[in-house]
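Okay, structure first, notes after.
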Amino acid sequence: MGGTAACNKPWWLTLHLTAANEALSTTPPVNLIALSSITTCISIAAYQYGYSSILSFRRKVKWSYNIGYKAALDYVSVQIAKSIPWMRKQIDADIHKEKEKTRIQCEKDWNDLLDPSADENSHLTLPPNKTSSAELLTLLKKWSVSESSLWDKGQASGAIYHGGSDLIDFLSKVYGLFCVSNPMHPELFPYVRKMEGEVVSMLIDIFHGDSNCCGSISSGGTESILLSSKAYRDRGRDLFNIKEPEIVAPTTVHAAFHKAAHYFGMKLVLVDIDEETGVVNVDDMKRAITRNTVLIAASAPNYPHGIIEPIEELAALALERNIGFHSDCCLGGLLLPFVDKLQKMGKLHGLDYTNIPLPVFDFRAKGVTSISADMHKYGYATKGSSCIMYSSPELRHYQYFVSLSWTGGIYASPTLAGSRAGGVSASTWAVMVHMGEEGYLEVSERIIRTARTIRKGIDEDISELEVIGNPLSSVIAFRSTISAMNIYGVGQALGEKGWHLNTLQHPSCLHLCCTNLHTKDGMEKQFLIDLKRAVKDVKSHPEKYTSGTAAVYGMTHSIADVTLLDPVAFGYLDALFSSG
């Protein structure tokens, strides 16, 4: 019975097998083995490519939807054309032309901001003779006043975080006292070492760390994220022999994680957020985890929309899989902890949206193994001050670099930089001790009241706009509810009224990051008035407001053709260091 059933094949299969056997009967066995091996390899490669394509199909469709299917088709067409040598040559020439066009335009835009009366001469080569300090200070004061006029009215989103002119004068004096110090030499600058250690300790306390927690000072949020990513990569390599490390994070995670993946040979696996709430789905994050995942990351809040991700739930995923979890608090690091306290103290009673408790975002969440926080934002320190904190010294060790064989002696460095400015560390310590919890609570209350007032104004009075998700921090992101109204046009109209908002993409929106400057009397009301007028202007004269469909981070230069994203960005970056 068993043998009969096994031989009972369909007639068409028997026919094809017989034909194949006859065709291959004269083929040498070694050729058959080689052919089988090659076919197997091709099949595996095709499967892997197909599987990868299926996994990324949803993202490609979403990408096409975000940029527009015509733009997506243009992009694909250009990629195909690049495979043809003579066409590639023409495309490369066009790309170079676009890059130079962008560089020249950026240089012109920035040079137009210079005050001719304050910009008396340029120095493209080293002057042959000395210049007196008095003469230089006179010139630099002119430049400083000219620059301040671009932002001191309080119309810039984010960018400028300071606690007032008196605090700036104080920090300038502190920096001057330690301007030659270098934390790399604790034997020469013991008080700088002491201050750095105390800054780390104060921050660990603010973020509810225990006695096992530790950290180090870095130059900014990007370096803090780079350091943590490097630590998790090396941990995965050391403990689990992971050779192709992956980071799993929401699409709204900071671009510094993209940079870390690029620098350190890691794969960044991005998970889409919910289009309505702006929050990533925990189950989607769970499905993205693989045996190569060394780090799960999320933000509190994220830069684009000011949304606090479900840190507690995501950290639990990491904990049960023995994967590192990073809570990126670079933006709200020294704001959210005090907003949390204000709510619990009842200081925000009667303010809109205060019935919504802040999600847990720090070491109180089990599974959080590192946190980044910038002191040069809502901590009001001088620029170049951030902290990366870890749940254990063992994890921090993976951040370090040590060379035992260098001819200059044993070289050990805790961060990416070797020498660092001790003046930054001293001013950070000074501002934290000067402000104290009392000072941070006061300024945090002013900022959060301003942000909530603006959010309420958009929610209730401007039907053409909608706030994205449920932002509980200082960032308010909003998009158009009318398909015919270009949200970037609204940003352009606001620019005419002196406002400088951040332009974002996927989805197209704008955001205002509220700082201490926005807490001046009447600023929030003026912003809402100007925003309503900008919406009206764009609706009435849409032809006047036709900006592009993407944005280079940190600037609002728009890009019309997605195939030119890289060269336009390169042109912008080239212009940063141009002396033209």
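The values are calculated or read from the model by the stated rules, or taken from the named source; none is laboratory data. In this text the structure is predicted, and so the values were computed from the model without any measurement. Virtual Cβ from ideal backbone geometry, glycine too; neighbours counted across all protein chains shown. Just the protein is used for accessible areas: all its heavy atoms, side chains included, with ligands, DNA and RNA removed. Shrake-Rupley method; radii C 1.70, N 1.55, O 1.52, S 1.80 Å.
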Open item on the list: With the cut-off at 19 Å, tell me which of the pairs Lys130/Lys173; Lys497/Lys539; Lys101/Lys497 have Cα atoms farther apart than that.
Closed with: Lys130/Lys173; Lys101/Lys497
- [ ] Straight distance only, please: which aspartates and glutamates reach the Cα of Lys286 with their own Cα at less than 17 Å, same-chain residues fewer than 8 apart left out?
- [x] Glu246, Asp272, Asp274, Glu309, Glu312, Glu313, Glu320
- [ ] Excluding Tyr545 itself, calculate the net charge of residues whose Cβ lies under 11 Å from the Cβ of Tyr545, where each Lys or Arg counts +1 and each Asp or Glu counts -1.
- [x] -1
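Quick one: net charge of His500's neighbours, Cβ under 14 Å, K/R +1, D/E -1? Can you show the working numbers first?
Details: positive: Lys153, Lys497; negative: Asp109, Glu147, Asp152, Glu496, Asp530.
Residues near His500 contribute -3 overall.
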Task: Whole-percent carbon and sulfur share, accessible surface of the stretch 347-477, 1.4 Å - done: 54 percent
Open item on the list: List the GluC sites (Glu not before Pro) within the stretch 415-460 that DSSP assigns to loop and that have no more than 10 neighbouring Cβ atoms inside 10 Å.
Closed with: none
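Identify the trypsin sites (Lys or Arg not before Pro) of the stretch 92-162 meeting these criteria: DSSP loop state and at most 10 other C-beta atoms within 10 Å of the C-beta. Show your work: numbers first, answer last.
Details: sites: Lys97, Lys99, Lys101, Arg103, Lys108, Lys130, Lys141, Lys142, Lys153; in loops: Lys130, Lys153.
Here the trypsin sites (Lys or Arg not before Pro) that fit, given the DSSP loop and packing criteria, are Lys130.
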Task: Distance (nanometres) between label positions extended 7 Å along Cα→Cβ at Leu351 and Arg88 - done: 5.7 nm
TODO: Show the residues, 5+ positions off or on another chain, whose built amide H is closer than 5 Å to the amide H of Gly215.
DONE: Tyr390
Open item on the list: Could you compute how much accessible surface Thr293 exposes when probed at 1.4 Å, giving the result in Å² to the nearest 10?
Closed with: 10 Å²
Open item on the list: For Leu124, what accessible surface area do you get with a 1.4 Å probe? Give it in Å², rounded to 10.
Closed with: 130 Å²
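As an exercise, take the mean of 1/r over every pair of distinct alpha carbons in the stretch 149-209, invert it, and state the Kirkwood radius in angstroms.
14.4 Å
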Open item on the list: Please list His500, His511 from largest to smallest accessible area, probe radius 1.4 Å, with all protein chains kept in place.
Closed with: His500, His511
Task: Between the stretch 339-354 and the stretch 273-317, the Cα center-to-center distance that results, in Å - done: 26 Å
Open item on the list: How big is the stretch 248-333 along each principal axis, measuring the range of its Cα positions in Å and listing the largest first?
Closed with: 30, 27, 23
Task: Loop-resident sites, the stretch 346-382, for chymotrypsin sites (Phe, Trp or Tyr not before Pro), counting at most 16 other Cβ within 10 Å (DSSP) - done: Tyr353
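Net charge around Lys366, counting only other residues with Cβ within less than 15 Å of its Cβ (Lys, Arg = +1; Asp, Glu = -1)? Mind showing how you got there, number by number?
Working: positive: Arg321, Arg364; negative: Asp210, Glu312, Glu313, Glu320, Asp362.
Local charge sum for Lys366: -3.
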Task: the stretch 341-431: C-alpha pair distances exceeding 19 Å, % - done: 64 percent
Task: Set of aspartates and glutamates near Lys97 by C-alpha distance (under 20 Å), chain-local residues within fewer than 8 positions excluded - done: Asp74, Glu107, Asp109, Asp561, Asp566, Asp574
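Report Rg(Cα)/(2.2 N^0.38 Å) for the stretch 135-176, keeping two decimals. Kindly include the intermediate steps, with their values, before the conclusion.
On the way: Rg = 11.9 Å, N = 42, 2.2 N^0.38 = 9.1 Å.
The stretch 135-176 yields a ratio of 1.31.
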Open item on the list: I'd like the FRET efficiency for Lys286 and Thr138, computed as 1/(1 + (r/R0)^6) with the beta carbon distance as r and R0 of 56 Å, rounded to 0.05.
Closed with: 0.35
Open item on the list: With every protein chain left in place and a probe of 1.4 Å, what is the accessible surface of Phe401, to the nearest 10 Å²?
Closed with: 110 Å²
TODO: Provide, for q = 0.13, 0.16, 0.21, 0.23 Å⁻¹, the log10 of I(q)/I(0) from a solvent-free Debye sum over equal Cα point scatterers in the stretch 408-477.
DONE: -0.66, -0.76, -0.91, -0.98
- [ ] Quantify, in whole percent, the carbon and sulfur part of the accessible surface of the stretch 195-285 (1.4 Å probe; protein heavy atoms only).
- [x] 48 percent
